[in-house]
Amino acid sequence: MITIAREHPVQDALSLLHQRHTADMHSETPPESIHMLPADALAAPGIAFFVMRRDGEAIGMGAFKRISADHAEIKSMHILAEHRGAGLSRRMLDHLIAEAQADGYRRLSLETGVQPGFAPARALYAKAGFVECGPFEGYRDDPNSVFMTRMI
């Protein structure tokens, strides 16, 4: 059984998720272009953090960060590689969109990489209605980044 629930990002049960997410971000992206948040930063006010579990085991995570009263940014979306290919990334994305809507946001944006390893993520976001946009909320033009947004 798959569940997705709001949880605290700093817990031992999530260490593998955070480690794998960090490794993936560093595998193709130059350090100056990595914009991921470490677990403790995901616990900050204004960030809603969610964990996907299969039969109690943490297999995915995702978050959104408040930018303004009606705009949030998707952060740290990750599904463990051995659980990919079954539609779980889309399920997490749909959950984040629904939760952001419920929290009163009307726009979601994100930053992802241009490298080949990020192609599935870019395709997922595009299929969900996200379109490329310029940098937002403190980002700058970066040849290693793609910025996307969508109204919700």
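Values as computed for the structure displayed
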{"quantity": "Strands (runs of 3 or more DSSP E) contained entirely in the range 89-152, each with at least 3 residues that are modelled with pLDDT of 95 or more and within 15 Å of the chain's Cα centre (by Cα)", "calculated": "107-113, 145-151"}
{"quantity": "Residue list for the range 3-36, restricted to those being modelled with pLDDT of 90 or more, in a loop (DSSP other than H, G, I, E, B) and either within 19 Å of residue 79 (Cβ to Cβ) or touching a Lys or Arg at 6+ places or on another chain (Cβ under 8 Å) (or both)", "calculated": "7, 9, 11"}
{"quantity": "Residue, surrounded by the fewest Cβ atoms within 10 Å (Cβ to Cβ), within the range 130-142, restricted to residues that are touching a residue at least 60 places away in the same chain (Cβ under 8 Å) and on the phi < 0 side of the Ramachandran plot", "calculated": "139"}
{"quantity": "Filter result for the condition that a residue is farther than 18 Å from residue 3 by Cβ, in contact with a Lys or Arg (Cβ under 7 Å, 6 or more places away or on another chain) and of a type outside the set (Lys, Arg), over 72, 44, 121", "calculated": "72"}
{"quantity": "Flag if residue 41 is without any contact (Cβ under 8 Å) to a residue 12 or more places away in the chain and surrounded by 13 or more Cβ atoms within 10 Å (Cβ to Cβ)", "calculated": "yes"}
{"quantity": "Matching residues, the range 58-69, being over 23 Å from residue 1 (Cβ atoms) and in a strand (DSSP E or B)", "calculated": "64, 65, 66, 67, 68"}
{"quantity": "From 98, 63, 48, residue being of a type in the set (Gly, Ala, Ser) and surrounded by fewer than 16 Cβ atoms within 10 Å (Cβ to Cβ)", "calculated": "98"}
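Each row is one residue, and each column tells you yes or no for (1) buried (at least 21 other Cβ atoms within 10 Å of the Cβ); (2) among the small types (Gly, Ala, Ser); (3) in contact with a Leu (Cβ under 9 Å, 6 or more places away or on another chain).
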residue: 15; (1), (2), (3): no, yes, no
residue: 21; (1), (2), (3): yes, no, no
residue: 32; (1), (2), (3): no, no, no
residue: 73; (1), (2), (3): yes, no, yes
residue: 82; (1), (2), (3): no, no, no
residue: 91; (1), (2), (3): no, no, no
residue: 114; (1), (2), (3): no, no, no
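The values are calculated or read from the model by the stated rules, or taken from the named source; none is laboratory data. Computed from a predicted structure; not experimentally measured. Cβ atoms come from the backbone with ideal geometry, glycine included; neighbour counts cover every protein chain shown.
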